[in-house]
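Q: The structure under discussion is supplied below as structure tokens; questions concerning it will follow.
The values are calculated or read from the model by the stated rules, or taken from the named source; none is laboratory data. Everything numeric here is computed off the predicted structure, so don't read it as measured data. Quick reminder, even Gly has a Cβ in these numbers, built from the backbone with ideal geometry, and neighbours come from all protein chains shown.
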Amino acid sequence: MAVKIALPKGRLMRRTAALLQMAGWGLDGYHEKARFYHLASPRFTDVSAKIFHERDIPIQVSIGNYDLGICGGDWLAELLAKYPSSALVKIRELGYGTGSLYIVTSPQAPADSVKGTVRIASEYPNLAESYALKKRLSRFSIFPVWGGAEAYPPENATLALVRARNEAEIARSGMEVVGKVLNFSACLVVNRHSWESKDLNQVVASICDHCDTLPPEEESLVEESSATEAPAQYLPVSDGALRLALPDGHQQEAMMTLLGRAGLVLDDYPSASGNRRPTINLEGVTVKVIRPQDMPLQVANGNFDLAIGGRDWLLDHRYQFPTSPVKELLDLKMGWVKVVAVVAQDMPAADVLGLRRMIENKAISLRVASEYVNIADKYARDNRLGQYRIIPTWGATEAFLPDDADLLIENTQTGSTIARHNLKIIDTLFESTACLIGNSRTKSGSRKASLIRSIIETLRAAVEEV
């Protein structure tokens, strides 16, 4: 009987690969530079493995798409906090990928900040809500974010629920621990129905028998070097300051080049120590570094006046909130990608019209996987793709085809990664570049509005230099 296992990429990949190697699985393609997401084991010929973003694994196992999975106990707890009756069972902890979830705040937060409405930012919204209810907070709001929640207190949130290896790591980020929510490590999980109906004993034993002999986990060089870094410095922010959000991730080097041409100098961006509050040589402007996916909503809510992020995430936000006050102020003509519709290479559809005809002929319900949930939903509706279901993902979206989705809405620069995974593009939705976004409700004639116009023109001149 066929057995399917979901394996993690990212932080748990190296140690999981070592464990499976000790267990004799022979997954030669499972490593940090893996070119394919579908793997087979020479030892267990009836087992098929697939690589996912770790956050997707508990979901895929709970709904029965996969029999087994390896993921962090933090994401297991996040799913069970909302769906306690899920068909998801933890077999055992694997002894690596250890850490804790902490409730943290800024040292600059007012002493009475928890007396009003407590705002909690986190990429673990279900656990954040569970914490608030357990503490019997009379009024609270949960702000789901894609990451970097520690950047939000004290100006944009009262508390944050974040992951860290230990409290020393929290201190290095310039935050203070309020409480600990959870200790976790990597764990092996199983779908309850698969556990009852399939013989998984040999596969499970091969993993569990080697957990205790896995060599001790080593601290990374980044963690060792960051221990000597000074904590992030939190400077008081005046009420009239202009708040600018800059992106984390792979766009930072290109962003520095653009800002440098504009004569804007940032200190500690990109930051080797993880500082999310760089300083800028522009009087009256404060900067925070957040995820591009979070920028449109944060600008709409008034937490930031300006942000530099992708047009793709701006459109995804506006499709969900058509009356949002967020608007594009300037195309920065960098960070170019295409947002495309992708299917398996052997699907008998060359374009979206062919896909629609295939759906009508076979009377199937289409599964659409994407990080761009609202763009994917609008695309399926606009193209009349019949009954469909949107599957939210957090990366490694190519892994979903063809077994776990029929259509992807994905971004690409060259299309080479898509082709390498035996997939094909059947439509281009739009092209996306980095852009400066702002709030249309900013009062005209104010000092802040004048500063915004000055920044727009400064960046426009830098863009036109190229």
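Q: Please give the number of the condition P58 fails out of (1) surrounded by fewer than 16 Cβ atoms within 10 Å (Cβ to Cβ); (2) on the phi < 0 side of the Ramachandran plot; (3) touching a residue at least 24 places away in the same chain (Cβ under 8 Å).
A: (1)
Q: May I pose another question? Could you identify the single residue in A307, A341 that is farther than 18 Å from I418 by Cα and buried (at least 21 other Cβ atoms within 10 Å of the Cβ)?
A: Selected residue: A307, the only one of A307, A341 that is farther than 18 Å from I418 by Cα and buried (at least 21 other Cβ atoms within 10 Å of the Cβ).
Q: Shifting gears a bit: Filter the range 417-466 for residues that are out of contact with any Leu (no Cβ under 8 Å at 6 or more places or on another chain), crowded, with 19+ Cβ neighbours inside 10 Å and among the aliphatic types (A, V, I, L, M) and give the result.
A: Result: I418, L429.
Q: May I ask you to say which residue of T397, T414 is out of contact with any Ser or Thr (no Cβ under 6 Å at 6 or more places or on another chain) and surrounded by fewer than 13 Cβ atoms within 10 Å (Cβ to Cβ)?
A: Within the list T397, T414, the selection yields T414.
Q: Follow-up question, since we're still on this one. Going by the conditions given, is F304 aromatic (F, W, Y) and touching a residue at least 60 places away in the same chain (Cβ under 8 Å)?
A: Yes; evaluated as a whole, the condition is true for this residue.
Q: Aromatic (F, W, Y), under 21 Å from the mean Cα position of the chain (by Cα) and not assigned by TED's automatic domain parsing to the domain that holds A34 - does that describe any residue in the range 373-385?
A: No: zero hits.
Q: Take the residues of the range 235-257 that are farther than 28 Å from K443 by Cα and of a type in the set (A, V, I, L, M): which is modelled with the lowest pLDDT?
A: The selected residue is A254.
Q: I would also like to ask the following. Select, from E150, E219, E155, the only residue that is assigned by TED's automatic domain parsing to the domain that holds D74, at pLDDT below 95 and not in a strand (DSSP E or B).
A: Answer to the check: E219.
Q: Does A369 satisfy the condition of being of a type outside the set (S, T, N, Q), touching a Leu at 6+ places or on another chain (Cβ under 8 Å) and not in a loop (DSSP other than H, G, I, E, B)?
A: yes
Q: Whether any residue in the range 6-27 is in a loop (DSSP other than H, G, I, E, B) and without any contact (Cβ under 8 Å) to a residue 60 or more places away in the chain is what I want to check.
A: Yes: one or more hits.
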